[in-house]
1. Would it be correct to say that residue 123 is closer than 30 Å to residue 329 by Cβ, assigned by TED's automatic domain parsing to the domain that holds residue 246 and of a type in the set (Asp, Glu)?
2. Residue under question is residue 100, and the condition is that it be of a type in the set (A, V, I, L, M, F, W, C), within 16 Å of the ligand (Cβ to nearest atom), part of a loop (DSSP other than H, G, I, E, B) and surrounded by 20 or more Cβ atoms within 10 Å (Cβ to Cβ); does it hold?
3. Of the conditions (1) within 15 Å of the ligand (Cβ to nearest atom); (2) touching a Leu at 6+ places or on another chain (Cβ under 9 Å), residue 14 satisfies every one except a single condition; which number is it?
4. Which ones in segment 129-147 are more than 14 Å from residue 71 (Cβ to Cβ) and within 14 Å of the ligand (Cβ to nearest atom)?
5. Got a number for residues in segment 327-370 being out of contact with any Phe, Trp or Tyr (no Cβ under 8 Å at 6 or more places or on another chain) and of a type in the set (Val, Ile, Thr)?
6. Could you look through segment 153-203, keep only residues that are of a type in the set (Lys, Arg) and surrounded by 12 or more Cβ atoms within 10 Å (Cβ to Cβ), and pick out the one that is nearest to residue 248 (Cα to Cα)?
7. Could you tell me which residue of segment 359-370 is most open to solvent (accessible area, probe 1.4 Å), considering only residues that are hydrophobic (A, V, I, L, M, F, W, C) and in a helix (DSSP H, G or I)?
8. Between a first residue in segment 56-82 that is in the same structural domain as residue 106 (by TED's automatic domain parsing) and assigned to a strand (DSSP E or B) and a second residue that is of a type in the set (Phe, Trp, Tyr) and open to solvent by 60 Å² or more (accessible area, probe 1.4 Å), which pairs have beta carbons less than 8 Å apart while being 6 or more apart in sequence or on different chains?
Amino acid sequence: MKNVGFIGWRGMVGSVLIKRMLKKKDFNNINAIFFSTSQYGESVPDLNIKNKNQKLENAYNFEKLFELDIIVTCQGSEYTNEVYFKLRKIGWNGYWIDAASNLRTSDNAVIVLDPINLKNIQEKLNMGVKTFVGGNCTVSLMLMALGGLFENNLIDWISVSTYQAASGAGAKFIKELILQIKYISNIIPNLINDKSNNILNIEKKITENMNSSNFPKKNFHTSLINNLIPWIDKKINNSGQTKEEWKGQYETNKILNKTKKIPIDGICVRIATLRSHSQSFTIKLNQNLSIDNIHYIINSHNKWVKVIPNDFNDTINFLTPSFVSRKLDVVVGRIKKLNIDKNCFSIFSVGDQLLWGASEPLRRMLKLLI
Ligand SMILES: NC(=O)c1ccc[n+]([C@@H]2O[C@H](COP(=O)([O-])OP(=O)(O)OC[C@H]3O[C@@H](n4cnc5c(N)ncnc54)[C@H](OP(=O)(O)O)[C@@H]3O)[C@@H](O)[C@H]2O)c1
């Protein structure tokens with residue numbers, strides 16, 4: 001059995017990965033070794049698998065890492081930068097499966113999303129490629145949602161606005177959003193019980209509290225509650241784009257691996273949801289397809305994508321982060337032709353960014369290897 005090391009398994013992506021692997025009984029086929037950057041020496045939590053009484057290994061112990069056949073890391077870019085290159089340099093020739101973004105641009109790495117690029121993954125495996133990286137969460141969710149349109153070469157360009165959950169930034173950020181909710185909810189009972197307070201006074205008091213010096217905002221640098229942040233990741237020089245926006249076109253085209261590149265751009269926005277990312281697309285097709293045809297092409301691409309009828313009740317019940325969270329379904333709705341151009345239509349999509357947007361492609365890559 002292969003020795004598989006897990007790093008970053010207690011973070012947002014890692015813990016969802018472990019939960020899915022337990023559900024699918026993936027641990028039966030591997031010898032799992034758990035690492036930590038901060039808690040090594042402590043006991044591995046009891047997962048009811050073969051690793052009882054194991055202690056967490058130090059994630060920077062190169063001798064231990066060297067013994068592994070496969071490393072699965074959901075620890076983040078800093079860890080990858082510090083460990084990956086050194087490990088390869090000292091001759092480690094195992095498989096590296098990573099959730100972080102920094103190796104995605106490498107010619108020696110494949111971005112994995114097997115319902116879209118299984119053939120390419122298999123070709124690269126046969127060629128001896130040993131580095132496999134999960135894609136950006138909104139990119140993977142977009143490809144799962146619109147896979148049929150990409151596969152049939154129907155898309156001219158895409159403009160997108162994202163609505164990304166706090167957990168997309170990691171455990172510290174979702175915790176901070178919850179602390180912000182708590183901070184505001186502590187002041188609400190007094191305000192709302194005071195009958196003399198009119199609603200605009202209450203709104204004003206809440207806004208004042210969001211701006212107070214005690215308000216928890218170490219990570220977001222501002223309030224996310226009662227607010228949104230139309231900026232994700234760092235600025236890309238001179239283009240006006242953020243890195244998250246840049247990834248949309250680069251990673252999509254790398255995964256599709258076609259000669260004709262599809263232009264994709266837009267604005268990525270952080271919103272105060274806890275889990276699951278939404279995206280609003282304007283898509284220009286290279287032909288005038290009927291709405292029924294578009295539904296059919298999208299729906300028949302993979303078993304996880306679900307078209308939601310374009311009406312109020314279906315939309316509020318099924319086209320939302322709260323419906324989709326913890327499910328593998330990627331829902332698409334609000335599909336309509338736009339007045340702008342006969343080949344343009346709108347589509348809104350929601351998917352759990354911790355499942356198809358992060359951990360599921362990694363889990364399936366690991367399964368391919370074992
Ligand atoms: N979050 C997403 O939706 C998402 C989607 C796609 C890709 N990614 C990428 O995946 C990588 C991991 O992201 P992530 O969101 O999983 O990061 P995360 O939640 O911040 O976890 C990363 C590591 O932070 C440490 N940590 C510190 N405080 C923690 C706490 N309170 N709870 C849990 N862990 C804590 C843990 O390492 P130790 O146990 O070693 O201390 C953990 O493994 C990143 O490169 C990210 O860009 C994330």
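1. Working: closer than 30 Å to residue 329 by Cβ: yes; assigned by TED's automatic domain parsing to the domain that holds residue 246: no; of a type in the set (Asp, Glu): yes.
No, not satisfied.
2. On the way: of a type in the set (A, V, I, L, M, F, W, C): yes; within 16 Å of the ligand (Cβ to nearest atom): yes; part of a loop (DSSP other than H, G, I, E, B): yes; surrounded by 20 or more Cβ atoms within 10 Å (Cβ to Cβ): yes.
Yes, satisfied.
3. Just one mismatch for residue 14, condition (2).
4. Residues of segment 129-147 that are more than 14 Å from residue 71 (Cβ to Cβ), as a first pass: 129, 135-147.
Of everything in segment 129-147, those that are more than 14 Å from residue 71 (Cβ to Cβ) and within 14 Å of the ligand (Cβ to nearest atom) turn out to be 135, 136, 137, 138, 139, 140, 141, 142, 143, 144.
5. So the answer is 2.
6. Step one: of segment 153-203, the residues of a type in the set (Lys, Arg) are 172, 175, 182, 195.
Keeping just the survivors that are surrounded by 12 or more Cβ atoms within 10 Å (Cβ to Cβ) gives 172, 175.
Numbers: 172: 25, 175: 27 Å.
Ranking the qualifying residues of segment 153-203, first place goes to 172.
7. Initial filter on segment 359-370 (hydrophobic (A, V, I, L, M, F, W, C)): 362, 365-366, 368-370.
Now narrow it down to the ones that are in a helix (DSSP H, G or I): 362, 365-366, 368-369.
Values: 362: 3, 365: 4, 366: 5, 368: 75, 369: 26 Å².
So, considering only residues that are hydrophobic (A, V, I, L, M, F, W, C) and in a helix (DSSP H, G or I), the one most open to solvent (accessible area, probe 1.4 Å) is 368.
8. Qualifying pairs under 8 Å: 57/40; 58/40.
The values are calculated or read from the model by the stated rules, or taken from the named source; none is laboratory data. Everything quoted here is computed from the prediction, not taken from an experiment. Counting neighbours? That spans all protein chains shown, and the Cβs are built from the backbone with ideal geometry, glycine included. Only protein heavy atoms, including side chains, enter the accessible area calculation; ligands, DNA and RNA are left aside. Shrake-Rupley method; radii C 1.70, N 1.55, O 1.52, S 1.80 Å.
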